[in-house]
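Since the structure comes first, as structure tokens, the remarks are kept for the end.
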Amino acid sequence: GNWVKTQRSGYRNYKAGNKQKSKGMCEERINKLESIDFNWVSEAASKKQTWDEMFEELKLFKAKHGHADVPQTCKDNPKLGRWVNKQRQGYKDFKAGNKQKRNGMYEDRRHKLESIEFNWVSEHASKQQTWDEMF
């Protein structure tokens, strides 16, 4: 559990050159752990798609459909629909200065999304809002 997480975290920080946060990780410990085939990436993390992989899926969606406005309940790719919704929510929190809830939204990711003409407000949500305003 926690000890394994600490080793993985220490390893990542050690390899990134952040010795202060490496939690005592050193080449000797790395060698010892590797001698027992220690897995540096958790099984759950290796199954989880990275942000960049999901961004590539979004680009494929745009190439196929001519837009990047994936509905939250996308039948073809529900995971992509949820991811896009998470990006929009993260952007909203990012703009509001809420660092705890921004869902990994950073300036570089915002620029990447905008480079493919990503809409921060879903066209589907806009249509619903318009109906509500008219009502």
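Regarding segment 12-32, can at least one residue be identified that is touching a residue at least 24 places away in the same chain (Cβ under 8 Å) and more than 20 Å from Gly104 (Cα to Cα)? Scanning segment 12-32 turns up no residue that is touching a residue at least 24 places away in the same chain (Cβ under 8 Å) and more than 20 Å from Gly104 (Cα to Cα).
Contact annotation: residue pairs with Cβ atoms under 7 Å, 6 or more positions apart or on different chains, pairing a residue in segment 97-120 that is modelled with pLDDT of 90 or more with a partner that is buried (at least 17 other Cβ atoms within 10 Å of the Cβ) and of a type in the set (S, T, N, Q), are Leu113/Gln87. Scanning for something modelled with pLDDT of 85 or more, small (Gly, Ala, Ser) and in contact with a Pro (Cβ under 8 Å, 6 or more places away or on another chain), does segment 70-93 turn up at least one residue? For segment 70-93, residues modelled with pLDDT of 85 or more, small (Gly, Ala, Ser) and in contact with a Pro (Cβ under 8 Å, 6 or more places away or on another chain): present. Of the helices (runs of 4 or more DSSP H) lying entirely inside segment 21-123, the ones with 2 or more residues being aliphatic (A, V, I, L, M) and surrounded by fewer than 16 Cβ atoms within 10 Å (Cβ to Cβ) are found at 43-47, 51-65.
The values are calculated or read from the model by the stated rules, or taken from the named source; none is laboratory data. Nothing here was measured: the structure is a model prediction, and the numbers come from that model. So basically every Cβ, Gly included, is an ideal-geometry build from the backbone, and we count neighbours across all protein chains shown.
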